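Participant: Take a look at the following structure, please.
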Amino acid sequence: MAEALRIEHLSKFFGALGVVQNLSFSIPADQRRVVIIGPNGAGKTTLFNLISGELPASQGTIHLFGRDVTKTPCYRRTRLGLARTFQITDLFPYFTLMENLLLALQAHDPCAYGMLKSLKAYGHLYDKAEVLLKEMKLWEKRDLPIGSLSHGETRLVEILMGIAGGPKILLLDEPTAGLTRSEGVWLANMIQHLLKDVTLLIIEHDMQIAFALAERIIVLHQGAIVADGKPEEIRTNPRIKEIYLGTVS
Amino acid sequence: MEQAALRWKSIVGVMVVTAMALLVPLLPEYAVTLATSIIIYSIYVASANLLTGYTGLVSLGQAMFWGSGAYVVAILTTRGLVTNLYLIVLICLVTVVVISAFFGVLALRVKRLYFMIVTFAFGHVIWCIAMYPMQSITRGYDGIKDIARPDLGLSLSLATGTSFYYFVLVVAALCFFIFYLVIRSPFGHAIVGIRDNEHRMIALGYNTFLYKYISYVLAAVFSGIAGLLFAYFNSYVNPSELHWLWSGDALMMMFIGGIGTFWGPLWGALAYTGLRYWISSYTMYWFGIEGIIFILVVLFFRGGIAGFVMNVQKGLKWQRR
Amino acid sequence: MELPVAISQVLNGIAFGMLLFLLAAGLSLMFGLMGIVNLAHGSYFMVGGYVGLTTLEATDSFILAIAAGAAAGALLGFLTERFFMRRVYGLHGHESILLTFALSLVLSDFSLFLWTGTPRWVQAPSFLDVSFTLLGNPYPAYRLAIILIGAIVFAGLYWFQERTLWGATVRAGVDDKEMATGLGINIPLVFTMVFCLGAFLAGFGGFVGSPILGLHIGLDIEVIMLALAVVIVGGIGSLTGCLVTCLLMGLSDTVGKVLWPSYASLTIYLVVVIVLLVKPEGLFGKRS
């Protein structure tokens, strides 16, 4: 099993509008940080929605670890080792931090449908939560309502929710959205160090962070891949500059 | 501080339970009857609360299951088809599970607002069926009367108000205990997650349809049990037990008591039944007053009685400091 | 059933459908524009009818009574929107349903208090209290007048929607609220106007329909259930679709009550269930 993700001729049309057009690429399982960049409207989030299963593909196939998941419902793809985070933080507003994380942890646990024993009786979930929260230095805030955390902290929690299930490939949609430059750099470092064993597919808007993080960069423009390679290659590609500076239609 | 609050709550809890078990039967007969009906209604509202308050699915069709439970009892007992109480309970449960399993699959296919309308429409169709096509069995508008009290098979008679009250109290305690287990379990945690952010739950890998479906069937089962108790209690069942107005009443009681809270259903049943009883003795315009009360609750007391109580508790904690 | 009887039943159904249209048009617009289900709409209908009745008894003028009924409806609509609906916009859809349901209970008992539970009948105005002969059978002119009135209201609403700026504004609001606000359209004002217009039509319909339907407590529930069925089955966003569904519904209800009296409501709501499961946005509705 050499590939974590393989996309072939993937397209998504909304009516006559082709938001993603005939995309094909694959990510080997040992690749770690692939960053997707592209101007607004390039179809990056739509691509994530297609991979995660929130949107059905109009054409093409998606393979996760060798399995064809094109028709698999969204919730089942997680079982195969996929997880994602969202550009706009999407947590459970009336739960505490710990309760949020427990939801992510219990999803794939055999106790997920348990109705008789109290959640508190499943100590192994709490232990896992403790490990994750301490790594992100959020342990002291575990019983606080999620609304009382700062924006930067909730972006961290977003990532925690993604890795809680132990995924093998994680889609990070603009993890640094809404953060200051320094917060963003700090988060990027966190991502590099903590998610060493996970294949990361990252949408990033900040060029500096994107180039610093990436092993490989894919550039999307108007729903198609215009470049795909190592950061140095992309950096020197004149077409990319044109796309970003808007001299290309 | 936490210990003191916990101790205080336990004391109040014990006092309430004792009062319910020992003091209520000492009251005059009409009060015991009222109390019995309140407890039966609270099971009904609690079941609706599981579906609406905890899973976030507003259903206007819960009367369908209450009424089914009631009619199963009415039809089987008055026609002498089944005399064993436990067999009747079993048939009632199977009936309600089959109906909810069938309707649940259909109703959960549509979005939240349409779910409410679909359950309303289903419920109305069932009411129409009971009224007309199945008239030979259900006696239509007239309803079925003279339902005898059940025989527990022990040497206890449930014919008196007090004995039946205890019977209902025991069943209710069992039901609420099961609710308690479900709500603090991982399943209970998940359905609240679905209520608050179903989109994220799907992304986390939950089969949200299955959770909602189980919740729907569970709510139906407890509504059916409440309906069963009601049929024995009231000894008369008519199609109003299936009418959407009764589904709406469940929602009203839920809101008044405090939606999505554990004790809300009991508060709601108590306030609603008590108020109705009291106000009806003064005026015949009970519906209008009920409407006014409900409007006030929805606009100004969104947490219901339970929410109010919690605010009072928080206020008291402030006083202490 | 013989042909003349059948034809008069069909005409009855169409007349009833027109009355339904007066209700359903406003209900549909409220749902499409504001996402609220207004269960008090039937109450506007009933109260409008009663107010018109009282006005008729006081002044002997049918025209004045119509105006009073419509105005009563509009006033109730305004009060509902201003004091209740404002607070629940943007909350879940079920809040509006429960709130307006509670309101309908209040209005129902209020009507009971003012006008008692005795069913009342309104006499059609003398110049219309005649019968035409249709295929050898007498047919009341008033019902034909209702059909005509309904057609005129439809034409008026259609013109308003398609040809005026106001209509375009409302349509824009239905299609995309945020965009409309961004373009400077005063959405709250539009909401209030739509509410008042819908309630106005309901009150109007309540009195204009009273020579046919009568006035009794419980009328509000009967008509709102049918109007709701229309909105669900017909879908929102199409005025013509609404009219067509109303006529179909009116026909089914009327003819159904004659042929299978007990099964009319059952069949109508069975259709509602099927539509909800197969095409939730309604037969003529547009998928969002």
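The values are calculated or read from the model by the stated rules, or taken from the named source; none is laboratory data. Note that the structure is a prediction, hence the values are computed from the model and not measured. Don't worry about glycine lacking a Cβ; one is built from the backbone with ideal geometry, like all the others, and counts go over all protein chains shown. All accessible areas refer to the heavy atoms of the entire protein, side chains included, with ligands and DNA or RNA removed. Shrake-Rupley method; radii C 1.70, N 1.55, O 1.52, S 1.80 Å.
Participant: What residue, of A:38, A:53, is in contact with a helix residue (DSSP H, G or I) (Cβ under 6 Å, 6 or more places away or on another chain) and either without any contact (Cβ under 8 Å) to a residue 40 or more places away in the chain or of a type in the set (A, V, I, L, M, F, W, C) (or both)?
Facilitator: Selected residue: A:53, the only one of A:38, A:53 that is in contact with a helix residue (DSSP H, G or I) (Cβ under 6 Å, 6 or more places away or on another chain) and either without any contact (Cβ under 8 Å) to a residue 40 or more places away in the chain or of a type in the set (A, V, I, L, M, F, W, C) (or both).
Participant: Any residue that is over 24 Å from residue B:123 (Cβ atoms) and either at pLDDT below 95 or not acidic (Asp, Glu) (or both) - is there at least one of those in the stretch B:207-217?
Facilitator: There is at least one residue in the stretch B:207-217 that is over 24 Å from residue B:123 (Cβ atoms) and either at pLDDT below 95 or not acidic (Asp, Glu) (or both).
Participant: Next question. Mind counting the residues in the stretch C:204-214 that are surrounded by fewer than 24 Cβ atoms within 10 Å (Cβ to Cβ) and closer than 19 Å to residue C:107 by Cβ? Don't jump to the end; show me each part of the working.
Facilitator: The initial filter retains those residues of the stretch C:204-214 that are surrounded by fewer than 24 Cβ atoms within 10 Å (Cβ to Cβ), namely C:211-214.
If we keep only those that are closer than 19 Å to residue C:107 by Cβ as well, we get C:213-214.
Qualifying residue count, the stretch C:204-214: 2.
Participant: Look at the stretch C:82-120 and say how many of its residues are closer than 30 Å to residue B:116 by Cα, open to solvent by 30 Å² or more (accessible area, probe 1.4 Å) and of a type in the set (A, V, I, L, M).
Facilitator: Of the residues in that region, 3 qualify.
Participant: Of the residues B:81, B:51, B:6, which is part of a helix (DSSP H, G or I) and surrounded by fewer than 24 Cβ atoms within 10 Å (Cβ to Cβ)?
Facilitator: Only one candidate qualifies: B:6.
Participant: Output yes when any residue across the stretch A:67-79 is part of a strand (DSSP E or B), open to solvent by 20 Å² or more (accessible area, probe 1.4 Å) and either more than 9 Å from chain B (Cβ to nearest Cβ) or under 26 Å from residue A:193 (Cα atoms) (or both), and no when none is.
Facilitator: Yes, some residue in the stretch A:67-79 is part of a strand (DSSP E or B), open to solvent by 20 Å² or more (accessible area, probe 1.4 Å) and either more than 9 Å from chain B (Cβ to nearest Cβ) or under 26 Å from residue A:193 (Cα atoms) (or both).
Residues are listed down the side, and each one gets a yes or a no for (1) farther than 24 Å from residue A:105 by Cβ; (2) more than 10 Å from chain A (Cβ to nearest Cβ):
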{"position": "B:159", "(1), (2)": "yes, yes"}
{"position": "B:166", "(1), (2)": "yes, yes"}
{"position": "B:178", "(1), (2)": "yes, no"}
{"position": "B:183", "(1), (2)": "no, no"}
{"position": "B:190", "(1), (2)": "no, no"}
{"position": "B:199", "(1), (2)": "no, no"}
{"position": "B:211", "(1), (2)": "no, no"}
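Participant: I'm checking my understanding of the structure. Among residues of the stretch A:103-129 that are in contact with a helix residue (DSSP H, G or I) (Cβ under 7 Å, 6 or more places away or on another chain), within 24 Å of residue A:148 (Cα to Cα) and more than 7 Å from chain B (Cβ to nearest Cβ), which one is surrounded by the most Cβ atoms within 10 Å (Cβ to Cβ)?
Facilitator: The residue in question is A:105.
Participant: Suppose we filter the stretch A:80-90 for residues that are facing chain B (nearest Cβ under 7 Å) and not in a strand (DSSP E or B); how many remain?
Facilitator: Going through the stretch A:80-90 one residue at a time, the tally reaches 1.
Participant: Identify, from the list C:272, C:230, the residue that is buried (at least 22 other Cβ atoms within 10 Å of the Cβ) and in contact with a Ser or Thr (Cβ under 6 Å, 6 or more places away or on another chain).
Facilitator: Only one candidate passes the filter, namely C:230.
Participant: Oh, and also: Which one is nearest to the chain's Cα centre (by Cα) among residues in the stretch C:121-153 that are open to solvent by 70 Å² or more (accessible area, probe 1.4 Å), on the phi < 0 side of the Ramachandran plot and touching a residue at least 24 places away in the same chain (Cβ under 8 Å)?
Facilitator: Looking at residues that are open to solvent by 70 Å² or more (accessible area, probe 1.4 Å), on the phi < 0 side of the Ramachandran plot and touching a residue at least 24 places away in the same chain (Cβ under 8 Å), I get C:121.
Participant: Has the stretch A:16-25 got any residue that is open to solvent by 20 Å² or more (accessible area, probe 1.4 Å), part of a strand (DSSP E or B), free of Cβ contacts under 8 Å to residues at least 60 places away in the same chain and not hydroxyl-bearing (Ser, Thr, Tyr)?
Facilitator: yes
Participant: Filter the stretch A:156-180 down to the residues that are surrounded by 14 or more Cβ atoms within 10 Å (Cβ to Cβ) and of a type in the set (S, T, N, Q) and list them by number.
Facilitator: Hit for the stretch A:156-180 is A:176, nothing else.
Participant: Something else about it: Limited to the stretch B:54-78, what total is found for residues that are within 13 Å of residue B:127 (Cβ to Cβ), in a helix (DSSP H, G or I) and not small (Gly, Ala, Ser)?
Facilitator: 4
Participant: Quick one: which residue in C:240, C:254, C:267 is open to solvent by 40 Å² or more (accessible area, probe 1.4 Å), more than 14 Å from every other protein chain (Cβ to nearest Cβ) and of a type in the set (S, T, N, Q)?
Facilitator: C:240
Participant: I've got another one for you. Out of the residues in the stretch B:173-190 meeting the condition of being touching a Lys or Arg at 6+ places or on another chain (Cβ under 9 Å) and surrounded by 20 or more Cβ atoms within 10 Å (Cβ to Cβ), tell me which one is nearest to residue A:112 (Cα to Cα).
Facilitator: B:186
Participant: Within the stretch B:137-167, can you find the residues that are of a type in the set (Lys, Arg) and surrounded by 18 or more Cβ atoms within 10 Å (Cβ to Cβ)?
Facilitator: Scanning the stretch B:137-167 gives a single hit, B:139.
Participant: Quick check, is residue C:67 open to solvent by 30 Å² or more (accessible area, probe 1.4 Å), away from chain B (no Cβ under 14 Å) and part of a helix (DSSP H, G or I)?
Facilitator: Values: open to solvent by 30 Å² or more (accessible area, probe 1.4 Å): yes; away from chain B (no Cβ under 14 Å): yes; part of a helix (DSSP H, G or I): yes.
Taking the combined requirement at face value, the residue satisfies it.
Participant: A further question on this structure: Identify, please: which residue in the stretch B:84-107 is closer than 30 Å to residue C:279 by Cβ and crowded, with 18+ Cβ neighbours inside 10 Å and is, among those, farthest from the other protein chains (Cβ to nearest Cβ)? Outline the logic, then answer.
Facilitator: Initial filter on the stretch B:84-107 (closer than 30 Å to residue C:279 by Cβ): B:96-107.
From what's left, crowded, with 18+ Cβ neighbours inside 10 Å: B:96, B:99-100, B:103-104, B:107.
On the way: B:96: 18, B:99: 14, B:100: 16, B:103: 10, B:104: 13, B:107: 8 Å.
Result: B:96.
Participant: One residue is enough: does the stretch C:114-127 have a residue meeting the conditions in contact with a helix residue (DSSP H, G or I) (Cβ under 8 Å, 6 or more places away or on another chain) and within 14 Å of another protein chain (Cβ to nearest Cβ)?
Facilitator: yes
Participant: Still on this structure, I have one more. Is one or more of the residues making up the stretch A:139-153 in a helix (DSSP H, G or I), within 12 Å of chain B (Cβ to nearest Cβ) and aromatic (Phe, Trp, Tyr)?
Facilitator: no
Participant: Please go through (1) touching a helix residue (DSSP H, G or I) at 6+ places or on another chain (Cβ under 9 Å); (2) modelled with pLDDT of 90 or more; (3) open to solvent by 20 Å² or more (accessible area, probe 1.4 Å) for residue A:202 and return the number of the only condition it doesn't satisfy.
Facilitator: That leaves (3) as the condition not met.
Participant: Continuing with this model, one more query. Any idea which of (1) open to solvent by 20 Å² or more (accessible area, probe 1.4 Å); (2) more than 24 Å from residue A:45 (Cα to Cα); (3) under 20 Å from the mean Cα position of the chain (by Cα); (4) free of Cβ contacts under 8 Å to residues at least 40 places away in the same chain is the one residue A:153 doesn't satisfy?
Facilitator: Every listed condition holds for residue A:153 apart from (2).
Participant: Among (1) touching a His at 6+ places or on another chain (Cβ under 9 Å); (2) of a type in the set (A, V, I, L, M); (3) open to solvent by 30 Å² or more (accessible area, probe 1.4 Å), which single condition is residue B:170 missing?
Facilitator: Evaluating residue B:170 over (1) touching a His at 6+ places or on another chain (Cβ under 9 Å); (2) of a type in the set (A, V, I, L, M); (3) open to solvent by 30 Å² or more (accessible area, probe 1.4 Å) leaves (1) as the failure.
Participant: On the given criteria, is residue B:285 within 14 Å of chain C (Cβ to nearest Cβ), open to solvent by 40 Å² or more (accessible area, probe 1.4 Å) and more than 24 Å from residue B:52 (Cα to Cα)?
Facilitator: In short, yes.
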